[in-house]
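**Q** Sharing a structure with you now.
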Amino acid sequence: MNKHRVVITGMGVVAPNAVGLENFFKAIQKGRSGVTFHQKLKDLKFSCCIGGIPAIDKELKNQYLTPLQLRGFDSAGILYGCIAGMDAWQDAGFIIDKNSKTDYDSGMVFGSGTSGVEKFREAIYKLDNYKVRRLGSTVVLQTMASGISAYLGGILGLGNQVTTNSSACSTGTEAILMGFERVQSGKALRMLVGSCSDDGAYIWGGFDAMRVMTYNHNETPEKGSKPMSAEASGFVPGSGAGALVLESLESALERKASIYAEVLGGNINSGGQRSGGTLTAPNSQAVQKCIIDAIKDANTKSSEIDAINGHLTATIKDPLEIENWTKALQRKGKEFPIINSLKSMIGHCLAAAGSIESVATVLQLKHQFIFPNINCNEIHPDILKLISKEKIPTKMTPKKLNIIAKASFGFGDVNGCIIFKKY
Amino acid sequence: MTRKELITSLKKIIKPYSQNQEAFKNLSEGTDFINDLKINSANLVDIILDVEDEFGIEIDNESMEKMLSVKSAINIIETKLAES
């Protein structure tokens, strides 16, 4: 098979610490936290009352969705996804025109965990009150898992595969790799890929009940997310969306698009919930295999990897993730690549994590810098046994970067790893 | 409420759903929701809910199916108002 090279020609992002690519670029350089206290969580008796929610006002909303689309609209994830996706599409040089012809060369894989939980809640209250006929036309579209791809696909007029994937916290990373394979194989010229997540009590409640979110930082929200830190005590929930336009190199060159970076390859696998893997815990063998196979797929070598953008959520599993990286790469101590986690600034954006973090990873390659790990002054002792302290920079660092590996792992024992290269 | 007043109220309700602004401006009793105003058929149920709220009436499934034009909508609203 004639494989096409795949490059990134557009990006968009809606993150807790910034909305829009330019703002996000500045925010991650500065190490700005987007984690804040939420009274509603406290009122609802959550243990963890902090979280990352993107700031979007009515005016901004109206720039992206029509008054008709906003009628009875209550699906934060779809809103975030539409903003990120439309931004990415325009950033890649395309015009959004509702009268355009169907574009059969362009498709989309845009993931989500669930869709429209607020809308779903409203619908259930009506239903239980014998008012099913009062639901109107908007419930299905906003609560179906593929709501985001249905909304965005229509706004952009995409005519290739238009779908939504879902694989817990590896959703965003998986979406990128699914789109990558479609462009690489020539089934599409370009794919808009990304993921989104709702915010708030109804999506985060189950995690609070599992006691996997931190409850030590309700007074100091911006210091609450501490990946790799000795004081890490659980993740901080986040939300938002990230989007990237993947395109064949030929197509990008032909239309003289500006190129952010290349997707060299990657791998998606599952640990099968065997060998230590469970519904919630990773099978380490599978994690290592995923990384090794991603490097193989990218036709590169472990020694070529300059930096890692980890999954690193700030739970007790962080040291295990580092150990898996050291084993997969056969590099440790001073030989280990630089590693960082965007979750220190924005929390764990769940289904949106992989795509938002990939946007940050690609910005690092494009602009040759490493964003800081904030809230990590005291590194976890088990991590220091594996890699040198200076591999976890706490300040923004300009750096020559050629290849960065990005990984995400999710409930269900699923893994994804992407190899990005400077173009 | 006169027929003219009913049309004015109805016009306010269907404005956000109308995709053809020209046809909306020239709205008359003969205007068809889907063919003229290019309203997405899925939105017809939303219009009916808005009509119910505005006039304090309930529109049964059978009447719903007939509400495809300004004229039929006005007729149904008048009938339901007279019943209530």
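Every read-out reported here was derived from the displayed coordinates using simple, explicitly stated rules and does not represent laboratory data. The shown structure was predicted, so the numbers you read here are calculated from the model rather than taken from an experiment. Neighbour counts run over all protein chains shown; Cβ positions are idealised from the backbone, glycine included.
**Q** Sort the following peptides by mean Cβ neighbour count (other Cβ atoms within 10 Å, averaged over residues), highest first: A:225-234, A:275-284.
**A** Per-residue mean Cβ counts within 10 Å order the peptides as A:225-234, A:275-284.
**Q** Find, to one decimal place in angstroms, the Kirkwood hydrodynamic radius of the protein assembly as shown, where the mean of 1/r is taken over every pair of different Cα atoms and then inverted.
**A** 24.0 Å
**Q** Evaluate peptide A:149-157: per residue, the Cβ atoms of other protein chains within 10 Å of its Cβ; return the mean as an integer.
**A** 0
**Q** Which of the lysines could be linked to residue A:226 by a straight reach, that is with a Cα gap under 20 Å, when you skip same-chain ones fewer than 8 residues away?
**A** Answer for residue A:226, where 20 Å is the Cα cut-off: A:30, A:317, A:343, A:385, A:389, A:391, A:395, A:406, listed by chain and number.
**Q** How many Cβ atoms of partner chains, on average, are near each residue of A:127-135 if near means within 10 Å of its Cβ?
**A** The per-residue average across the peptide is 2.
**Q** Residue A:159's amide H: which non-local residues (gap 5+, or another chain) put their own amide H closer than 5 Å, with H modeled 1.01 Å from N in plane and none for Pro or chain starts?
**A** A:103, A:104, A:105, A:106
**Q** Related question: Could you please state, rounded to a whole Å, how far the C-alpha centre of the range A:205-239 is from the C-alpha centre of the range A:388-423?
**A** About 21 Å separates the Cα centre of the range A:205-239 from the one of the range A:388-423.
**Q** For a quick check: sort A:89, A:204 by the number of other beta carbons within 10 angstrom, fewest at the front.
**A** Fewest-to-most Cβ neighbours within 10 Å comes out as A:89, A:204.
**Q** Please report A:423, A:125 as a ranked list, fewest other C-beta atoms within 10 angstrom at the top and most at the bottom. Display every interim value, and only then the final one.
**A** Numbers: A:423 18, A:125 10.
So the residues, fewest neighbours to most, are A:125, A:423.
**Q** Relative to the compact globular guide of 2.2 N^0.38 Å, what is the alpha carbon radius of gyration of the range B:1-82, as a ratio? Kindly include the intermediate steps, with their values, before the conclusion.
**A** Details: Rg = 11.5 Å, N = 82, 2.2 N^0.38 = 11.7 Å.
Dividing the Cα Rg of the range B:1-82 by 2.2 N^0.38 Å gives 0.98.
**Q** Please report the antiparallel percentage of the DSSP beta bridges confined to chain A, to the nearest 5.
**A** 70 percent
**Q** Relative to the first principal axis of the alpha-carbon coordinates of chain B, what is the inclination of helix B:44-55, with its axis defined by its Cα atoms, in degrees from 0 to 90 and to the nearest 10?
**A** The angle comes out near 50 degrees.
**Q** How big is the dipole moment of chain A about its Cα centre under a simple scheme where the beta carbon of each Lys and Arg is +1, that of each Asp and Glu is -1, and everything else is neutral? Debye, nearest 20, please.
**A** Charge dipole, chain A, about its Cα centre: 220 debye, nearest 20.
**Q** Rounded to the nearest Å, what's the spacing between the alpha carbon centres of the range A:164-186 and the range B:9-72? Just the number, please.
**A** Each part reduced to its Cα centre gives a spacing of 41 Å.
**Q** Sticking with this one: For A:104, A:202, what ranking results if the residue with the fewest other Cβ atoms within 10 Å of its Cβ goes first?
**A** Listing A:104, A:202 from fewest to most nearby Cβ atoms yields A:104, A:202.
**Q** For chain A, build the charge dipole from Cβ charges (+1 Lys, Arg; -1 Asp, Glu) around the Cα centre, then report which of A:291, A:109, A:27 sits farthest towards its positive end.
**A** A:291
**Q** What does the net charge come to around residue A:249 if you take all other residues with beta carbon closer than 13 Å to its beta carbon, with K and R at +1 and D and E at -1?
**A** Details: positive: A:3, A:5, A:190, A:255, A:256, A:421; negative: A:247, A:250, A:254, A:262.
Spelling it out: positives minus negatives among the neighbours equals +2.
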